[in-house]
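The structure appears right after this line, and notes come after that.
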Amino acid sequence: MSLEQQFVGVLELLLAMTLSMVIGLNRERRDKDAGLRTHMLVGLGACLFTVLAARAFPTDSASRIIANIITGIGFLGAGIIYQTKDGTRDLTTAASIWATAAIGMVVGIGAWFMAMCATLLVWVTLEIFWYLRNLIKSEPS
């Protein structure tokens, strides 16, 4: 990879970390184990693997690398979910990690605008709909 490509790749890594941080801050505020740093590292890692796949292996290998990122994040998410006597916990956090990885991958292919819009949508889902859910739960039956 040329120095220019590496420089653009580093900018993409920084953007992926920043967007992932937005999602991670929400999970951190909700006191989840997979919070700020976890989301930032997932976004960074997914972006790095995608940049590497897209630029270093621009053939069929890139799609295999990307498919394996998705599988690996699925295993990470599955490890976050746990069962209690009251029900299943941290499904939303696992889903947010999956979405964060996807955002990192989108940044890695250079679709920065789409990544920013996806981050906004994930944030709205986590933040705004959390309040809506609590409002619905608090209404008398």
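Between (1) 2, 12, 21, 22, 18, 12, 8, 4, 1, 0; (2) 2, 11, 18, 20, 18, 12, 8, 5, 3, 2, 1, 0, 0; (3) 2, 9, 17, 20, 22, 19, 9, 2, 0, 0, 0, which matches P(r) over Cα pairs in 5 Å bins from 0, in percent calculated for the structure shown? Only one listed value fits the structure, namely (2). What a 1.4 Å probe finds exposed on region 10-141 is 69% carbon and sulfur by accessible area, rounded to a whole percent. Just to be sure I understand: with springs between alpha-carbon atoms less than 10 Å apart, which residue in 79, 108, 35 has the highest mean-square fluctuation in the Gaussian network model of the chain? Checking each option, the largest mean-square fluctuation is seen for 79. Sites listed here are GluC sites (Glu not before Pro) in region 1-91 whose DSSP assignment is loop and whose Cβ has at most 15 other Cβ atoms within 10 Å, and the list is empty.
For region 45-95, averaging the sequence separation of C-alpha pairs within contact (under 8 Å, six or more residues apart) and dividing by the residue count gives a relative contact order of 24 percent. For region 125-132, backbone phi angles converted through the Karplus equation (6.51, -1.76, 1.60; θ = phi - 60°) give residue-by-residue couplings of 4, 6, 8, 5, 5, 5, 5, 4 Hz, Gly and Pro being listed as x. Per residue, the chain exposes an accessible area of 62 Å² to a 1.4 Å probe, with every protein chain left in place. Using the Karplus relation 6.51 cos²θ - 1.76 cosθ + 1.60 with θ = phi - 60°, the per-residue 3J(HN,Hα) values for region 90-98 come to 6, 4, 5, 5, 4, 5, 5, 5, 4 Hz, with x marking Gly and Pro. Once C-alpha pairs closer than 8 Å and six or more residues apart are averaged by separation and normalised to the residue number of region 4-99, the relative contact order reads 22 percent.
Distance between the C-alpha centres of region 71-141 and region 45-65: 24 Å, rounded to the whole angstrom. Applied to region 105-110, the Karplus parametrisation 6.51 cos²θ - 1.76 cosθ + 1.60 on θ = phi - 60° returns per-residue 3J(HN,Hα) values of 5, 5, 4, x, 8, x Hz, with x for Gly and Pro.
Taking 30 Å as R0, compute the FRET efficiency from the Cβ-Cβ separation of residue 111 and residue 89 and round it to 0.05.
Working: r = 33 Å, r/R0 = 1.09.
For R0 = 30 Å, the calculated efficiency reads 0.35.
Comparing mean-square fluctuations of 124, 107, 51 from a GNM of the chain with C-alpha springs under 10 Å, the top value falls on 124. Taking the chain as a Gaussian network of alpha-carbon nodes connected by springs under 10 Å, the highest mean-square fluctuation of the residues 13, 41, 76 belongs to 76. Taking the Cβ of residue 33 as the centre, find all other residues whose Cβ is under 15 Å away and add up their charges (Lys, Arg: +1; Asp, Glu: -1). Value of the local net charge: +3.
Its DSSP H runs of at least 4 residues, each contributing -39,500 (n - 2.57), put the calculated 222 nm mean residue ellipticity of the chain at -28500 deg cm²/dmol, to the nearest 500.
The values are calculated or read from the model by the stated rules, or taken from the named source; none is laboratory data. Note that the structure is a prediction, hence the values are computed from the model and not measured. Glycine gets a Cβ as well: all are built from the backbone with ideal geometry, and neighbour counts include every protein chain shown. SASA here: full protein model, heavy atoms, side chains in, ligands and nucleic acids out. Shrake-Rupley method; radii C 1.70, N 1.55, O 1.52, S 1.80 Å.
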